[in-house]
Amino acid sequence: MKTRLVTLLILLWILFVSSCDIPRDPYFDVATSAANSAPTLDPYPVSNSETSEIPATPSATPTRQAEACPGLPALHGVNLGNALDAPWPGAWGVTMTEAMIQSIADAGFNATRLPVRFSAYTGAAPDYALSESILATVDQIILWGLDAGLIILLDVHHFNSLMQSPTTEEARFLAIWEQLASRYQSLPATVYFELLNEPHGEMDAETWNRLVAQSMTLIRQTNPTRTIVIGGVDYSRIEALEFLVWPDDPHLAAAFHYYEPFEFTHQGASWLAGSSNWLGTSWTGTPDEAAAIQQAFDRAVDWSNAHQIPLILGEFGAIGNAESTSRQTWTGAIARTAERRGIGWFYWDLCSEFGLYNCEKGKWDKDLLDVLLP
Ligand code: GLC
C-alpha cells in the first residue's frame with residue numbers, strides 16, 4: 001500500500017508539473033458546446049451582448065480573462081457538501097465512500113472540495129489537538145481523491161464560533177492550521193488548502209487580513225509552495241475581494257462564492273426562514289439576468305488582473321427545489337461564464353439539497369451533469 005501510494009504521488013507530481021507547460025485554452029469546451037448544446041440550455045440567446053465574447057474558433061482571444069496561476073489548472077470540481085462539514089460525520093446524511101469519489105472522477109470532474117468542520121474536533125487549549133478519528137477520515141478521503149486523480153481543495157468550514165468571536169477563537173484557528181499543515185506537508189501539490197469558508201459576522205476585513213497573514217506564515221513553515229486559497233469576508237462575495245490584503249506569495253488563489261439571485265438558488269431552503277416564499281422563482285437567462293452574472297464576474301476578473309491573483313469559484317449551485325430547466329440554465333450560465341474568464345469552479349454540492357448525484361442509488365442527475373461538463 002505504501003509503495004503504491006509513493007508511486008502514485010510521484011506520478012501525480014510529474015503529471016502536475018508537466019501540465020503547467022501545456023498552454024490551456026479555457027474556450028475550447030465553450031466553443032464546442034456552444035455549437036452542440038440544446039437551445040433550451042443555452043443561457044446566452046443571440047441577442048445577449050456576451051455572445052460576442054464567445055470566440056468563433058477555440059483560439060480566439062478573450063476580451064477579459066484572469067491570468068492563469070502557474071500550475072493552477074482549469075478546475076471543474078464538485079463540493080463534498082454536508083459530509084464532514086456537518087456537526088458530526090453523518091449528521092446530515094452524507095457519508096463519503098471510495099465509490100462516490102471514483103464516480104466524481106469517472107463523471108469527468110478533475111477536482112473536489114472537501115469542507116470539514118475541524119473546529120468541532122479540537123481538544124483543550126492551548127494545543128487544540130484535532131481528534132485522530134476526524135483526521136483519519138480526512139486522510140482517507142484525500143487518498144481516495146488522489147487515487148482517483150482528483151485535485152483536492154481542503155477547507156476549514158462552518159467555524160461558527162470564530163465568526164462570532166474572532167479574538168477568543170483565533171488561537172484555535174491557528175492551531176488547526178498548524179496541525180493540518182504539518183500532517184499534510186508531504187502530500188502532492190494537487191492538494192490545496194483553503195484557509196476558511198465564508199468569513200462573516202464579527203470576522204471583519206481587518207481581523208480577517210490579520211488572521212490570513214498569521215496563518216500563512218505558519219503554513220509556509222511546512223508547506224512553502226502549496227497552493228493556498230483565500231476568500232474574502234461577507235461570505236466570500238465578489239465585492240469583498242477588494243478588502244483582502246494579500247501576502248506577497250506566488251502560490252495563492254482567491255476564492256469567491258456565487259449564489260445570485262439568492263431567491264432563486266435558495267428557494268425553499270429548509271434552514272432559511274421565509275425562503276418558502278421564493279418557491280417557484282425561475283431563471284431563464286434573459287439578457288438582464290445574464291448581464292448581471294457577466295458584470296459580477298468581470299468585476300472579479302478586473303480585481304484578479306490588477307492583483308495578479310488567480311480566481312477560483314469555490315461554490316455555486318441552485319437548490320433542487322428549483323424547477324429543473326431553470327436550474328440547468330442557471331448552472332450552465334455560471335459554469336460557462338467562469339470558464340470563459342479562466343476561472344476554475346466547484347459546484348455546490350454532490351448529494352444534498354443542491355446535489356446532482358444520488359449518493360444512495362449511485363446515480364447522477366444526467367441533465368445537470370451534462371450542463372456542467374458538456
Ligand atoms: C454556503 C456554505 C455551505 C452551504 C451552502 C448553501 O455558502 O458554504 O455550507 O450549505 O452555501 O447555502
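Would you mind finding the one in 84, 135, 143 that is at pLDDT 95 or above, part of a helix (DSSP H, G or I) and in contact with a Lys or Arg (Cβ under 7 Å, 6 or more places away or on another chain)? When all the criteria are applied, what remains is 135. Looking only at residues in region 70-128 that are polar (S, T, N, Q) and within 12 Å of the ligand (Cβ to nearest atom), the one that is farthest from residue 271 (Cα to Cα) is 79. Of all residues in region 121-144, those satisfying the criterion of being surrounded by fewer than 20 Cβ atoms within 10 Å (Cβ to Cβ), without any contact (Cβ under 8 Å) to a residue 60 or more places away in the chain and out of contact with any strand residue (DSSP E or B) (no Cβ under 9 Å at 6 or more places or on another chain) are 124, 125, 126, 127, 132, 133, 135, 136, 139, 140. If you go through region 263-308, how many residues are out of contact with any Leu (no Cβ under 6 Å at 6 or more places or on another chain) and either of a type in the set (Lys, Arg) or more than 14 Å from the ligand (Cβ to nearest atom) (or both)? Going through region 263-308 one residue at a time, the tally reaches 30. Across region 349-373, the qualifying residues are those that are at pLDDT 95 or above and among the acidic types (Asp, Glu), and the one among them that is farthest from the ligand (Cβ to nearest atom) is 370. Of the listed requirements (1) under 27 Å from residue 172 (Cα atoms); (2) within 13 Å of the ligand (Cβ to nearest atom); (3) touching a residue at least 60 places away in the same chain (Cβ under 8 Å); (4) open to solvent by 10 Å² or more (accessible area, probe 1.4 Å), residue 227 misses just one: (2). Total residues in region 145-181 satisfying the condition of being closer than 24 Å to residue 79 by Cβ, in contact with a Pro (Cβ under 9 Å, 6 or more places away or on another chain) and surrounded by fewer than 17 Cβ atoms within 10 Å (Cβ to Cβ): the figure is 0. Taking each residue of region 71-86 that is open to solvent by 10 Å² or more (accessible area, probe 1.4 Å) and looking for partners that are near the ligand (Cβ under 10 Å from one of its atoms) with beta-carbon atoms closer than 6 Å, six or more apart or interchain, yields 82/92; 82/352.
The values are calculated or read from the model by the stated rules, or taken from the named source; none is laboratory data. Because the structure is predicted, anything quoted here is derived from the model rather than measured. Note that each Cβ is placed from the backbone with ideal geometry, even for glycine, and that neighbours are counted across all protein chains shown. Heavy atoms of the whole protein, side chains included, go into the accessibility calculation; ligands, DNA and RNA do not. Shrake-Rupley method; radii C 1.70, N 1.55, O 1.52, S 1.80 Å.
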